[in-house]
1. Would you point out the residue of the range 79-93, among those that are of a type in the set (Ser, Thr, Tyr) and either modelled with pLDDT under 95 or more than 15 Å from the ligand (Cβ to nearest atom) (or both), that is farthest from the chain's Cα centre (by Cα)?
2. Within 11 Å of the ligand (Cβ to nearest atom), in a helix (DSSP H, G or I) and at pLDDT 95 or above: does that describe Val222?
3. If we keep just the residues of the range 236-251 that are more than 16 Å from the ligand (Cβ to nearest atom) and at pLDDT 95 or above, which is surrounded by the most Cβ atoms within 10 Å (Cβ to Cβ)?
4. Does the range 159-168 contain at least one residue that is of a type outside the set (Ser, Thr, Tyr) and more than 21 Å from the chain's Cα centre (by Cα)?
5. For the range 40-78, how many residues meet the condition of being within 9 Å of the ligand (Cβ to nearest atom) and of a type in the set (Gly, Ala, Ser)?
6. Tell me which residues, restricted to the range 22-39, are within 13 Å of the ligand (Cβ to nearest atom) and either of a type outside the set (A, V, I, L, M, F, W, C) or at pLDDT below 95 (or both).
7. So, of the residues in the range 8-21 that are among the β-branched types (Val, Ile, Thr) and in a strand (DSSP E or B), which turns out to be nearest to the ligand (Cβ to nearest atom)?
Amino acid sequence: MKDHLVALVTGGASGIGLATVERFTSEGYKVAVFDANESAKEVIKNSLKSEDNDVFIYEVDVTNHDSILDGFKGLAKDNLTPSVLLNSAGISPPLNPLHKYEIDDWNKCVSINLNGTFMVTREFINSYIENKLSKGSIINISSIMGSRASAAQAVYSATKHGVVGLAKSVAQDYAHLNLRANAIGPGVIETPMTNDVLVDENVKNHLLTRIPLKRVAQASEVASLVYFLATDESSYITGTYIPIDGGYLSS
Ligand code: NAI
């Protein structure tokens, strides 16, 4: 029975997070969303096909621990105990070589992509333990930059390597509680984050030369991998990093 399952999705108001919210609801899950976007409720309700989906939206800034705690209080009030966590909230910061990197830009990216993932995961695990759940799955959205680096993207790459390490560590620490943790590495996915880049045909064509499948992906394709990792279909997979990149990392 799936109807008692609850998935918590950070950054669920846009792109990959939103596609995953759609996938989980279509599979009969209740979905809780933590997103800093004030319009998250409106955006999500408008994009879901069915009117009566079980989606619960909380305005949470993942860089703020109190805000995360309030989010978890909201979950408890709504009788929601998530057994699945997708850490999707993230930003892609301005490109710059390291010696010119603005300290504020660095801190902001680390704060959302890495510290936010840590703090939400921390409280998710506390809830998992308090509620004595017997099975769970955490999925961190890393990137192909969680396995390699590219010019002028030091902070993005550092944070995306970081969430891979975080997933591996969580897998080690909580395997005895049957709580699995993995990271996935999307390549180029069509979302609001990449709109500005992909609108430039030259840049897009350059990217395509590096992608064996010769296309970018839709967020729903990433949601399929997230869903697989959330369910028993992946019951023996933990502590790993799985690219989803059209073959980008194979060369
Ligand atoms: P997006 O920009 O469409 O969505 C990001 C969501 O995160 C937004 O709803 C935003 O409001 C939320 N968010 C940002 N800061 C937040 C905060 N402090 N607290 C709570 N929510 C916050 O981005 P997209 O493309 O869906 O990216 C999702 C994840 O996938 C990110 O971690 C990104 O780095 C990663 N990724 C994306 C790729 C792509 O090609 N789009 C490729 C590889 C990784």
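The values are calculated or read from the model by the stated rules, or taken from the named source; none is laboratory data. This structure is a prediction, so every number in the text was calculated from the model and none was measured. All Cβ positions, even for glycine, are placed from backbone atoms using ideal geometry, and neighbour counts span all protein chains on display.
1. Just the residues of the range 79-93 that are of a type in the set (Ser, Thr, Tyr), to begin with: 81, 83, 88, 92.
When the remaining residues are screened for being either modelled with pLDDT under 95 or more than 15 Å from the ligand (Cβ to nearest atom) (or both), the result is 81, 83.
Working: Thr81: 18, Ser83: 15 Å.
My answer is Thr81.
2. On the way: within 11 Å of the ligand (Cβ to nearest atom): yes; in a helix (DSSP H, G or I): yes; at pLDDT 95 or above: yes.
In short, yes.
3. Filtering the range 236-251 for residues more than 16 Å from the ligand (Cβ to nearest atom) gives 236-240, 250-251.
From what is left, the residues that are at pLDDT 95 or above are 236-240, 250.
Numbers: Tyr236: 6, Ile237: 14, Thr238: 21, Gly239: 15, Thr240: 16, Ser250: 9.
The extreme case among them is Thr238.
4. First, the residues of the range 159-168 that are of a type outside the set (Ser, Thr, Tyr): 160-168.
Still in the running and more than 21 Å from the chain's Cα centre (by Cα): none.
No, because not a single residue in the range 159-168 is of a type outside the set (Ser, Thr, Tyr) and more than 21 Å from the chain's Cα centre (by Cα).
5. Of the residues in that region, 2 qualify.
6. Hits for the range 22-39 are Glu22, Asp35, Asn37, Glu38, Ser39.
7. Within the range 8-21, the first condition is being among the β-branched types (Val, Ile, Thr), and the residues that meet it are 9-10, 16, 20-21.
Checking which are in a strand (DSSP E or B) leaves us with 9-10.
Working: Val9: 10, Thr10: 6 Å.
Among those residues, the one meeting the criterion is Thr10.
Matching residues to (1) hydrophobic (A, V, I, L, M, F, W, C); (2) within 12 Å of the ligand (Cβ to nearest atom); (3) in contact with a helix residue (DSSP H, G or I) (Cβ under 6 Å, 6 or more places away or on another chain):
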position: Lys132; (1), (2), (3): no, no, no
position: Ala152; (1), (2), (3): yes, no, no
position: Val170; (1), (2), (3): yes, no, no
position: Gly185; (1), (2), (3): no, yes, yes
position: Thr209; (1), (2), (3): no, no, no
position: Leu213; (1), (2), (3): yes, no, no
position: Ser234; (1), (2), (3): no, no, yes
